[in-house]
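A short write-up of the structure that comes next.
The values are calculated or read from the model by the stated rules, or taken from the named source; none is laboratory data. Here the structure is a predicted model, which is why all the values come from computation and not from measurement. For neighbour counting, all protein chains shown are included, and Cβ atoms are generated from backbone atoms with ideal geometry for every residue, glycine included. Heavy atoms of the whole protein, side chains included, go into the accessibility calculation; ligands, DNA and RNA do not. Shrake-Rupley method; radii C 1.70, N 1.55, O 1.52, S 1.80 Å.
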Amino acid sequence: MTTTVPKVFAFHEFSDVAEAVADYVVYAQNGALTKKLKERKSSAVNLNLDDKAASSADMQRILSNKSISSRDSSKKAKKEKERRFKIALSGGSLIQILHEGLLKRDDIQWGKWDIYFADERLVSFESDQSNYGQSKRKIFDLIDTEKYGTPNIYHIDESLIDDPQECADNYEKVLIKGFAGRDSVKLPMFDLFLLGCAPDGHIASLFPNFQENLREKLAWVVPVEKAPSGPENRISLTIPVICHSHRVIFVVEGAVKAPVIKTIMERPEKGLPSSIVNEGAAGRVSWFVDDDALTDVFVTKKKYKFHNKIEFNEPFKEEPATTEK
């Protein structure tokens, strides 16, 4: 493994992390909803309808091209209307950070969000250990849906929590339906994949010593049994799915995370899950970390540059971060 170094944005306070993460989420949202669709250029027929010499066959071709153009415009308008922001969330402290940062904003188009989960603990949705349950109580239930719309939320089938393999298979079908549709898609592509990182180095529900799950290349979702911390049974999206995302961000806070962050940033050859993602999604990974989690960590820190609100009809442009001196 090479020493690919991601962008690391450092913040003094928890509230600063929440504000910056929310800004970046909205930035990614606006990028996803305004990106230009690739249009197939059709060859034009340069004929004059008033030219008496024009043959009936020529005129027929013109009318046919106009009909095709009309259909293409209709398809484009439909795609514009159906354009969605596809995002994956993990659990833990990330949910509180999103609660703090997102709910105060007035530029979130919740009605155009498709929300999936990076992983799930196989417990009742009423449990504090449920990623969906926590997200629902701390975020989804608090959205002003009349003003901002209602997101599509894709969670596991709660009736399958006693069978990790069946639950994983079922959630993979949910992903296939959402991303593949009638097309053949090797991997889903999220616009934004949000992750935390636990003190033991696991991300989503991919644990460092579960090598079979870390090496999985084909499945989109895997069952996790006998997890070393928290609920034993879980499901998790896989490394290839995470790395295929348009953007990946890790959100980490607290001094208890400093030792694992030091290993991730300084010893990527150790092969912790997040180091694998740093490498596999190189150039598309950003870390939002408070100062406590960077204690004694040797890494180049960047100062996060907040983005101005992007009007929805303006083209989306990537802006580089500035390096902290």
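Some values worked out for this structure:
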item	result
Heavy-atom accessible surface of segment 214-311: percent carbon and sulfur, 1.4 Å	50
Segment 121-212 - Debye-derived log10 I(q)/I(0), Cα point model, q = 0.12, 0.22 Å⁻¹	-0.51, -1.43
Charge context of Ala293, other residues only, Cβ under 11 angstrom, K/R +1, D/E -1	-3
Backbone HN-Hα couplings from phi across segment 275-289 [Karplus 6.51/-1.76/1.60, Hz, Gly and Pro as x]	5, 5, 5, 3, 7, x, 10, 3, x, 10, 10, 10, 10, 10, 9
Accessible surface of segment 86-134 [probe 1.4 Å, protein heavy atoms]: carbon and sulfur percent	40
Members of Lys35/Lys104; Lys136/Lys173; Lys138/Lys217; Lys262/Lys302; Lys86/Lys270 lying beyond 28 Å, as alpha-carbon distances in this model show	Lys138/Lys217; Lys86/Lys270
Amide H contacts under 5 Å for Lys302, placed H, 5+ residues apart	Val8, Phe9, Ala10, Glu324
Local net charge near Phe125, Cβ-Cβ under 9 Å (Lys/Arg +1, Asp/Glu -1)	-1
Considering only segment 116-257, percent of DSSP beta bridges that pair antiparallel, nearest 5	75
For segment 243-301 versus segment 105-170, the gap between their alpha-carbon centres in whole angstrom	25
Segment 74-200 - accessible surface per residue (Å², probe 1.4 Å)	50
